[in-house]
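**Student:** One structure coming up, written as structure tokens, with questions to follow.
The values are calculated or read from the model by the stated rules, or taken from the named source; none is laboratory data. This structure is a prediction, so every number in the text was calculated from the model and none was measured. Glycine gets a Cβ as well: all are built from the backbone with ideal geometry, and neighbour counts include every protein chain shown. In case anyone asks, the SASA skips ligands and DNA or RNA and just uses the protein heavy atoms, side chains included. Shrake-Rupley method; radii C 1.70, N 1.55, O 1.52, S 1.80 Å.
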Amino acid sequence: MSALRESLGFLTSRLRQVGIFVALILIVILFQVLTGGILLQPQNVTNLVVQNSYILILAIGMVMVIIAGHIDLSVGSIAGFIGAVAGVMIVHWGWAWWLAIPACLLVGALVGAWQGYWIAYVGIPAFIVTLAGMLIFRGLTLITLKNQQITPFPNELRALGGGFLPDISGGTSVLEWLTVILGVGGTAAILFQALKERRVRRKFNLENEPMAWFAVKNGFIAVLMLIITFLLASYRGTPIVLIVLAVLVIVYSALMNNSIFGRHTYAIGGNLHAAELSGIKTKKVTFRLFVNMGVLAALAGLVFTARLNSAQPAGGTGFELDSIAAAFIGGAAVQGGIGTVAGAMIGGLIMGVLNNGMSILGLGTDYQQLIKGLVLLLAVGFDIFNKNRTGSGGGSSMGRRFKWKTTPPATETSTPATSEPVAVDAK
């Protein structure tokens with residue numbers, strides 16, 4: 001009973017993080033029932049991954065920008081512009097695909113640097129700069145394509161958006177074994193990392209999850225990973241874009257959690273003035289964030305163009321709204337300073353499942369837009385409610401009832417807290 005009370009107290013103190021994951025599970029179950037089991041068919045699960053990959057890529061960069069207290073409205077237009085540039089390079093100029101891809105990423109970095117300069121060093125708000133960028137790069141897309149689509153692209157580039165890893169069984173097995181190996185290996189790695197982090201936190205007497213919740217959470221994640229592995233292996237295996245996305249999630253999660261740059265990003269979003277007084281080079285961090293956003297927008301544009309096998313004048317339209325919604329639904333705070341890459345991925349999957357499920361049910365785009373808007377409003381409203389609920393310093397009443405202590409008790413030798421900024425390494 002005490003373990004249950006401790007776990008419930010912990011869950012109430014982590015309502016924001018746990019809530020979005022529970023919401024994803026409930027939405028999947030709802031549409032699985034409403035669609036008569038179509039949602040979790042192996043082919044549809046693969047389509048979910050491929051169709052939402054470019055939004056998830058954008059959401060990684062977007063959540064970093066939002067954590068720093070900014071916003072980027074131009075990512076959809078940049079993605080469309082990079083798709084147009086790729087079409088001109090490969091189809092019209094005859095460039096090799098392996099040369100065009102890094103060239104497009106470089107163009108994306110230059111676009112991000114252009115916007116980052118105005119935001120970081122000139123001081124124009126990101127909302128205005130990126131709103132202008134949305135119009136500028138949409139116009140450049142139309143100029144580059146001359147209002148006509150460019151097609152076709154080589155098979156090697158198309159594989160980035162819709163290709164699969166090779167089947168090592170030669171098509172003779174019911175399951176694609178390379179996907180099984182990757183899925184089981186990935187699950188084992190996640191469990192190993194979770195156990196390692198728990199041991200480290202216990203070693204240094206840091207706040208830790210109750211053992212009951214730790215076991216339930218990681219057991220559920222492992223089962224979920226194995227189910228997804230089975231579904232992918234039952235169709236055509238692992239999409240190449242899923243490997244790209246997995247690498248990005250691992251790299252950027254490590255960057256935000258374990259690097260100086262990540263800590264500085266959180267510090268800027270939490271309190272810009274305090275970050276400046278602490279010696280953080282806020283302008284440089286902001287500039288780099290938008291350069292990174294430009295590169296990820298370029299990658300998303302390449303994935304989208306490769307999937308369609310066409311560079312289109314309307315390419316990327318609305319991508320910025322879906323990526324922003326994914327970040328906020330995934331737990332990013334409107335004021336900045338809060339958010340995770342993993343949360344943005346869950347938010348993006350919620351949006352993807354909503355889109356896919358409603359399309360299967362035959363709902364028109366009018367109702368789809370209405371429902372997605374309501375989901376976004378509820379997510380941000382929940383964020384505000386959760387902040388007000390825990391903002392009084394004592395945690396929630398339910399958390400206090402279950403006696404879960406989110407901060408260590410004060411001791412006679414403890415140093416009183418001060419309001420002065422703490423020095424942060426500015427390397």
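**Student:** If you check every pair at least six apart or on different chains, which have Cβ atoms under 7 Å apart with a residue in the range 334-363 that is assigned to a loop (DSSP other than H, G, I, E, B) first and a residue that is surrounded by fewer than 20 Cβ atoms within 10 Å (Cβ to Cβ) and of a type in the set (Val, Ile, Thr) second?
**Tutor:** Pairs found: 334/380; 361/35.
**Student:** Could you tell me whether the range 164-180 includes any residue that is surrounded by 14 or more Cβ atoms within 10 Å (Cβ to Cβ), in contact (Cβ under 8 Å) with a residue 40 or more places away in the chain, under 30 Å from residue 95 (Cβ atoms) and under 26 Å from the mean Cα position of the chain (by Cα)?
**Tutor:** There is at least one residue in the range 164-180 that is surrounded by 14 or more Cβ atoms within 10 Å (Cβ to Cβ), in contact (Cβ under 8 Å) with a residue 40 or more places away in the chain, under 30 Å from residue 95 (Cβ atoms) and under 26 Å from the mean Cα position of the chain (by Cα).
**Student:** Let me ask you something else. Given the criteria open to solvent by 10 Å² or more (accessible area, probe 1.4 Å) and out of contact with any helix residue (DSSP H, G or I) (no Cβ under 8 Å at 6 or more places or on another chain), does residue 88 qualify? Even if it seems obvious, please write down each step before you answer.
**Tutor:** On the way: open to solvent by 10 Å² or more (accessible area, probe 1.4 Å): yes; out of contact with any helix residue (DSSP H, G or I) (no Cβ under 8 Å at 6 or more places or on another chain): no.
When the stated conditions are applied, residue 88 does not pass them.
**Student:** So is residue 131 closer than 30 Å to residue 309 by Cβ and not small (Gly, Ala, Ser) or not?
**Tutor:** Criteria not met by residue 131.
**Student:** So which pairs qualify, if the first residue must be in the range 188-207 and in contact (Cβ under 8 Å) with a residue 40 or more places away in the chain, the second must be assigned to a helix (DSSP H, G or I) and open to solvent by 80 Å² or more (accessible area, probe 1.4 Å), the Cβ gap must be under 8 Å, and the two must be at least 6 apart or on different chains?
**Tutor:** Once the first residue is in contact (Cβ under 8 Å) with a residue 40 or more places away in the chain and sits in the range 188-207, its partners that are assigned to a helix (DSSP H, G or I) and open to solvent by 80 Å² or more (accessible area, probe 1.4 Å) give 207/201.
**Student:** A further question follows. Residue by residue through the range 110-128, note down the ones that are buried (at least 18 other Cβ atoms within 10 Å of the Cβ) and in contact (Cβ under 8 Å) with a residue 40 or more places away in the chain.
**Tutor:** Taking the range 110-128 as the starting set, the residues that turn out to be buried (at least 18 other Cβ atoms within 10 Å of the Cβ) are 111-112, 115-116, 118-120, 126.
Scanning the range 110-128 gives 111, 112, 115, 116, 119, 120, 126.
**Student:** Report those helices (runs of 4 or more DSSP H) wholly inside the range 1-79 carrying at least 2 residues which are modelled with pLDDT of 85 or more.
**Tutor:** In the range 1-79, the matching helices (runs of 4 or more DSSP H) lie at 15-34, 42-67.
**Student:** Here is a follow-up. So residue 388 clears everything in (1) over 20 Å from the mean Cα position of the chain (by Cα); (2) closer than 24 Å to residue 25 by Cβ; (3) without any contact (Cβ under 8 Å) to a residue 12 or more places away in the chain except one condition, right? Which one?
**Tutor:** (2) is the only condition that residue 388 fails.
For every residue, the table says whether it meets (1) open to solvent by less than 50 Å² (accessible area, probe 1.4 Å); (2) closer than 30 Å to residue 122 by Cβ; (3) part of a helix (DSSP H, G or I); (4) touching a residue at least 12 places away in the same chain (Cβ under 8 Å).
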| residue | (1), (2), (3), (4) |
| --- | --- |
| 217 | no, no, yes, no |
| 223 | no, no, yes, no |
| 246 | yes, no, yes, yes |
| 261 | yes, yes, yes, yes |
| 290 | yes, yes, yes, yes |
